[in-house]
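The values are calculated or read from the model by the stated rules, or taken from the named source; none is laboratory data. Everything numeric here is computed off the predicted structure, so don't read it as measured data. Glycine also receives a Cβ, built like all others from the backbone with ideal geometry; neighbour counts cover every protein chain displayed.
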Ligand code: SAH
């Protein structure tokens, strides 16, 4: 796909999905990102989505659904960023944010770091580690908002996220069609961990081939301190979810 064709499709996808218009420099950044991703994917397994049209909607536009609720200038953690989704699109689209991309898999973080350098994204930093590791918490520091896509079911994701947030901060969980079901299942986890449901939005992700996929954008706010015994080890969370 040529850069001109790519930019036309990117513009259409962003417009269809209610996202703001991009500058020419931002469009070019997304084109470079796609090429970096496809190139790196030949060697390292980073994504199953290799068709450019699908990547525009399912990686780029999808990463930004719900981003309008992120406060200006916030310090954001992408928990389980994988190949940089949503953090890389977010850092391009929202230069006001300071983004930290965290993943437990070093080779994925290495890709995100390299892509951020190539794109000269001075507002994105990376970190290798597990969210539930207490030593990592110190390195992460103060976070206003956590975004996360396709990492764990909501009850587990809340146990990974809420301990890292300051009281008043929020988790923005990008979920699929079953988001509401996960929210029901996570009610006790949210309560125990000091959270409260702020919003649950059903959205449609419009694809470039005319298809539509259901999305659920969940916001969980931390309203009081999380009890010290959380997070437990990942094995314990999985064995006995809250
Ligand atoms: N958010 C990306 C990747 C999803 S795959 C996307 O939507 O494309 C899930 C990722 O979460 C994997 O890369 C995995 O390594 C990471 N992960 C899972 N549990 C984690 C944990 N406890 N701490 C940090 N990263 C974790």
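Table: residues versus (1) farther than 13 Å from residue 65 by Cβ; (2) touching a residue at least 24 places away in the same chain (Cβ under 8 Å).
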site	(1), (2)
152	yes, yes
165	yes, yes
177	yes, yes
194	yes, yes
200	yes, no
205	no, yes
214	no, yes
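Listed by first and then second residue, the pairs with beta-carbon distance under 7 Å, at least 6 apart or on different chains, first residue in region 226-238 and under 16 Å from residue 157 (Cβ atoms) and without any contact (Cβ under 8 Å) to a residue 60 or more places away in the chain, second within 11 Å of the ligand (Cβ to nearest atom) and outside any loop (DSSP other than H, G, I, E, B), form an empty list.
In region 106-134, how many are near the ligand (Cβ under 7 Å from one of its atoms) and within 17 Å of residue 38 (Cα to Cα)? Adding up the residues that qualify gives 1.
Among the listed residues 57, 115, 83, identify the single one that is at pLDDT 95 or above and in contact with a strand residue (DSSP E or B) (Cβ under 7 Å, 6 or more places away or on another chain). Talk me through it step by step, then tell me what you get.
Numbers: 115 fails: in contact with a strand residue (DSSP E or B) (Cβ under 7 Å, 6 or more places away or on another chain); 83 fails: in contact with a strand residue (DSSP E or B) (Cβ under 7 Å, 6 or more places away or on another chain).
Sole residue among the options that is at pLDDT 95 or above and in contact with a strand residue (DSSP E or B) (Cβ under 7 Å, 6 or more places away or on another chain): 57.
So that you can scan it fast, the table gives a plain yes or no per residue for (1) part of a helix (DSSP H, G or I); (2) within 17 Å of the chain's Cα centre (by Cα); (3) over 21 Å from residue 116 (Cβ atoms):
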residue	(1), (2), (3)
5	yes, no, yes
12	yes, no, yes
31	yes, no, no
36	yes, no, no
39	yes, no, no
46	no, yes, no
49	no, yes, no
53	yes, no, yes
60	yes, yes, no
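Against the numbered list (1) over 21 Å from residue 176 (Cα atoms); (2) surrounded by fewer than 20 Cβ atoms within 10 Å (Cβ to Cβ), residue 30 comes up short only at (2).
Filter region 161-176 down to the residues that are in a strand (DSSP E or B), more than 9 Å from the ligand (Cβ to nearest atom) and within 14 Å of the chain's Cα centre (by Cα), then identify the one that is farthest from residue 133 (Cα to Cα).
Filtering region 161-176 for residues in a strand (DSSP E or B) gives 165-175.
Adding the requirement that they be more than 9 Å from the ligand (Cβ to nearest atom) leaves 165-173, 175.
Add one more test, that the residue is within 14 Å of the chain's Cα centre (by Cα), and what stays is 170-173, 175.
Numbers: 170: 20, 171: 18, 172: 21, 173: 20, 175: 24 Å.
So the residue we want is 175.
Quick check on region 140-160: of everything there that is part of a helix (DSSP H, G or I) and within 10 Å of the ligand (Cβ to nearest atom), which residue is farthest from residue 77 (Cα to Cα)? Residue satisfying both the conditions and the ranking: 156.
Remark: residue 187 falls outside the filter, which requires a residue to be without any contact (Cβ under 8 Å) to a residue 60 or more places away in the chain and either within 14 Å of the ligand (Cβ to nearest atom) or surrounded by 15 or more Cβ atoms within 10 Å (Cβ to Cβ) (or both).
The strands (runs of 3 or more DSSP E) located wholly in region 73-137 include none with 3 or more residues which are within 27 Å of residue 236 (Cα to Cα) and over 16 Å from the mean Cα position of the chain (by Cα).
For (1) closer than 21 Å to residue 57 by Cα; (2) surrounded by 21 or more Cβ atoms within 10 Å (Cβ to Cβ); (3) more than 9 Å from the ligand (Cβ to nearest atom); (4) touching a residue at least 12 places away in the same chain (Cβ under 8 Å), each residue gets a yes or a no:
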{"position": "81", "(1), (2), (3), (4)": "yes, yes, no, yes"}
{"position": "92", "(1), (2), (3), (4)": "yes, yes, yes, yes"}
{"position": "96", "(1), (2), (3), (4)": "no, no, yes, yes"}
{"position": "104", "(1), (2), (3), (4)": "no, no, no, yes"}
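Would you mention how many residues in region 202-242 are surrounded by 12 or more Cβ atoms within 10 Å (Cβ to Cβ), out of contact with any helix residue (DSSP H, G or I) (no Cβ under 9 Å at 6 or more places or on another chain) and part of a strand (DSSP E or B)? Residues that pass the stated criteria total 3.
Residues to consider are 70, 56; find the one that is under 27 Å from residue 139 (Cβ atoms), away from the ligand (no atom under 14 Å from the Cβ) and surrounded by 15 or more Cβ atoms within 10 Å (Cβ to Cβ). After applying the criteria, what remains is 70.
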